[in-house]
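The values are calculated or read from the model by the stated rules, or taken from the named source; none is laboratory data. These numbers come from a predicted model, not from an experiment. Heads up, the Cβs are rebuilt from the backbone with ideal geometry, glycines too, and the neighbour counts pull from every protein chain shown.
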Amino acid sequence: MATNAPLNRKLRMALIGGGQGSFIGRVHATAAILDNRAELVAGALSSNPERAKASAPDYDISEDRAYGSVAELLETENELPEDQRVDFVSVATPNHTHFEIAKAAAEAGFNVICDKPMTFDLTQAEELGKVVDESGVVFAVSHNYTGYPLVRQAREMILNGELGEIQAIRSNYIQGWLRTRLEESDQKQAAWRTDPSKSGAAGCFGDIATHAYNLGRYMTGLLPEEISCHLKTFESGRALDDYGTAVIRFENGGLGTVTASQISHGRENDLFIEIDGTKGALQWRQEDPNQMMVRQNGEPHKIYTRDPNAPFMNDSGQTACRLPSGHPEAFFEAFANVYRSAYDSMCLRASGQDFEKTDTVFPNVNDGIEGMYFIQQCVASSAENGAWLPLKHARARR
């Protein structure tokens with residue numbers, strides 16, 4: 001697995017979003033430079049031009065490249081000499097703005113790393129997929145949980161058949177921060193996530209169930225066939241779902257469940273997954289990411305720890321590690337692994353070489369389309385009292 005494609009310079013990054021009060025923008029900026037393969041040189045940090053420019057010093061962005069709008073950023077950067085303009089933009093804005101920004105960046109020839117969900121709805125996602133195909137840019141979606149070393153370890157184990165045929169996936173993402181109407185206090189993160197005009201057709205399921213679904217798809221490669229879903233808004237007066245569960249039928253006959261909650265007392269970011277195969281089963285938890293349990297009947301339970309020097313670690317798991325065993329690697333490092341994998345493709349593109357566009361280590365535009373199809377079909381199924389609806393999109397990848 002390549003980790004350093006040829007390019008004798010750092011990639012140049014522009015951050016869109018991430019202004020004062022943002023959580024995910026700072027995460028993108030930190031993850032992007034963690035391996036010293038990129039530098040943040042430009043940004044349009046807010047939809048408010050004054051706030052955008054005021055936020056620039058927080059990222060050490062010079063005044064002349066602190067833009068007041070996305071359009072200004074793309075136009076001005078494109079006019080710069082090739083050895084100065086940015087190589088990629090990172091989109092860290094609310095859901096309803098992703099499509100317009102990502103589409104404009106791709107059409108302008110810039111590589112894109114986009115937060116999830118990729119777009120506001122499926123129609124936008126499918127159109128964006130066509131734009132990416134036509135432009136030839138590298139496009140990554142920040143399903144950052146795919147970057148954890150033991151997630152990549154598990155993926156290689158499963159695809160190599162070590163667990164046998166996969167028969168069941170139970171993937172869950174449980175939070176409790178929206179147990180009350182936090183959005184009524186104008187809390188920024190709650191306000192846009194519970195607003196259908198900004199978040200899209202789903203609330204909890206669009207925000208975090210997409211991660212749980214993507215994780216199962218990424219780790220197993222099982223192709224979905226149908227889905228039945230029930231969404232619920234337990235907090236009275238809230239416009240979007242804050243709890244839901246879905247059952248998935250896979251093409252190989254396996255079953256999956258996805259459960260997501262934002263109203264479970266005391267739960268923080270408890271993303272966890274269990275996968276059952278004919279030869280073994282495994283379990284991984286995001287809040288304890290440096291351990292993975294593997295079980296086989298009649299044998300002692302095995303605890304895999306994140307240890308790049310251990311013989312039980314495969315190439316995928318080892319490559320995703322930065323530290324020796326016992327030193328915890330977590331959220332920022334996993335996020336950075338998505339960036340690092342995308343950088344390999346960006347460097348190949350910048351060097352005029354071919355790069356893989358479909359079967360990538362990082363989540364790509366096809367995964368983003370799948371995520372939007374998942375949201376659409378969950379909402380539609382729930383509206384029909386859990387009716388079974390198709391789930392395999394034409395661009396679904398193994």
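For Thr119, work out the one condition from (1) at pLDDT below 95; (2) closer than 30 Å to Phe355 by Cα; (3) hydroxyl-bearing (Ser, Thr, Tyr) it doesn't fulfil.
Of (1) at pLDDT below 95; (2) closer than 30 Å to Phe355 by Cα; (3) hydroxyl-bearing (Ser, Thr, Tyr), only one is false for Thr119: (1).
Conditions first: (1) closer than 26 Å to Asp35 by Cα; (2) touching a residue at least 24 places away in the same chain (Cβ under 8 Å). His265 passes all but one, so which condition is the exception?
Status for His265: all satisfied but (1).
Does Arg170 satisfy the criteria of being touching a His at 6+ places or on another chain (Cβ under 9 Å), surrounded by fewer than 21 Cβ atoms within 10 Å (Cβ to Cβ) and either among the polar types (S, T, N, Q) or not assigned by TED's automatic domain parsing to the domain that holds Asp121 (or both)? So that I can check it myself, show each step before the final result.
Values: touching a His at 6+ places or on another chain (Cβ under 9 Å): no; surrounded by fewer than 21 Cβ atoms within 10 Å (Cβ to Cβ): yes; either among the polar types (S, T, N, Q) or not assigned by TED's automatic domain parsing to the domain that holds Asp121 (or both): yes.
No, not satisfied.
Closer than 23 Å to Gln376 by Cβ and either crowded, with 16+ Cβ neighbours inside 10 Å or modelled with pLDDT of 95 or more (or both), is that true of Gln175?
Yes; evaluated as a whole, the condition is true for this residue.
(1) over 26 Å from Ala31 (Cβ atoms); (2) touching a residue at least 40 places away in the same chain (Cβ under 8 Å); (3) not assigned by TED's automatic domain parsing to the domain that holds Val294; (4) not acidic (Asp, Glu): which one isn't true of Asn337, the others all being true?
For Asn337, the failing item is (1).
Could you name every one of the helices (runs of 4 or more DSSP H) located completely within the stretch 1-80 that has at least 2 residues being under 22 Å from Ser142 (Cα atoms)?
24-33, 70-79
Just name the residue that is surrounded by the fewest Cβ atoms within 10 Å (Cβ to Cβ) out of those in the stretch 130-147 that are in contact with a strand residue (DSSP E or B) (Cβ under 8 Å, 6 or more places away or on another chain) and not in a helix (DSSP H, G or I).
Among them, the one singled out is Val137.
Spot the failing condition for Trp192; the list is (1) in contact with a strand residue (DSSP E or B) (Cβ under 8 Å, 6 or more places away or on another chain); (2) assigned to a helix (DSSP H, G or I), and only one is missed.
Result: Trp192 passes all but (1).
For the stretch 301-318, give me the residue count where each residue is among the small types (Gly, Ala, Ser) and either farther than 17 Å from Val151 by Cβ or in contact (Cβ under 8 Å) with a residue 40 or more places away in the chain (or both).
2
Just wondering, is there one or more residues in the stretch 279-286 that are in contact with a strand residue (DSSP E or B) (Cβ under 7 Å, 6 or more places away or on another chain), touching a residue at least 60 places away in the same chain (Cβ under 8 Å), exposed (fewer than 13 other Cβ atoms within 10 Å of the Cβ) and not in a strand (DSSP E or B)?
Among the residues of the stretch 279-286, not one is in contact with a strand residue (DSSP E or B) (Cβ under 7 Å, 6 or more places away or on another chain), touching a residue at least 60 places away in the same chain (Cβ under 8 Å), exposed (fewer than 13 other Cβ atoms within 10 Å of the Cβ) and not in a strand (DSSP E or B), which makes the answer no.
Residues to consider are Glu162, Glu127, Glu184; find the one that is surrounded by fewer than 18 Cβ atoms within 10 Å (Cβ to Cβ), assigned by TED's automatic domain parsing to the domain that holds Cys378 and outside any loop (DSSP other than H, G, I, E, B).
Glu184
Step by step: first the residues of the stretch 362-398, then only those that are of a type in the set (D, E, K, R) and touching a residue at least 60 places away in the same chain (Cβ under 8 Å), then the one that is nearest to Leu159 (Cα to Cα). Which residue is that? Quick ask: steps written out before the conclusion?
Start the filter on the stretch 362-398 by keeping residues that are of a type in the set (D, E, K, R), which leaves 367, 370, 384, 392, 395, 397-398.
Now restrict to residues that are touching a residue at least 60 places away in the same chain (Cβ under 8 Å): 367, 370, 392, 395, 398.
Details: Asp367: 18, Glu370: 20, Lys392: 19, Arg395: 20, Arg398: 10 Å.
Per the criteria, the residue is Arg398.
Can Gly109 be described as assigned to a helix (DSSP H, G or I), of a type outside the set (Lys, Arg), at pLDDT 95 or above and not assigned by TED's automatic domain parsing to the domain that holds Phe374?
Here the answer is no, as Gly109 does not meet what is asked.
Looking only at the stretch 208-244, count every residue that is of a type in the set (D, E, K, R) and out of contact with any Leu (no Cβ under 9 Å at 6 or more places or on another chain) and tell me the total.
Qualifying residue count, the stretch 208-244: 1.
Which of the residues that make up the stretch 221-243 are surrounded by 24 or more Cβ atoms within 10 Å (Cβ to Cβ) and outside any loop (DSSP other than H, G, I, E, B)?
Ile227, Cys229, Leu231 - these are the residues of the stretch 221-243 that are surrounded by 24 or more Cβ atoms within 10 Å (Cβ to Cβ) and outside any loop (DSSP other than H, G, I, E, B).
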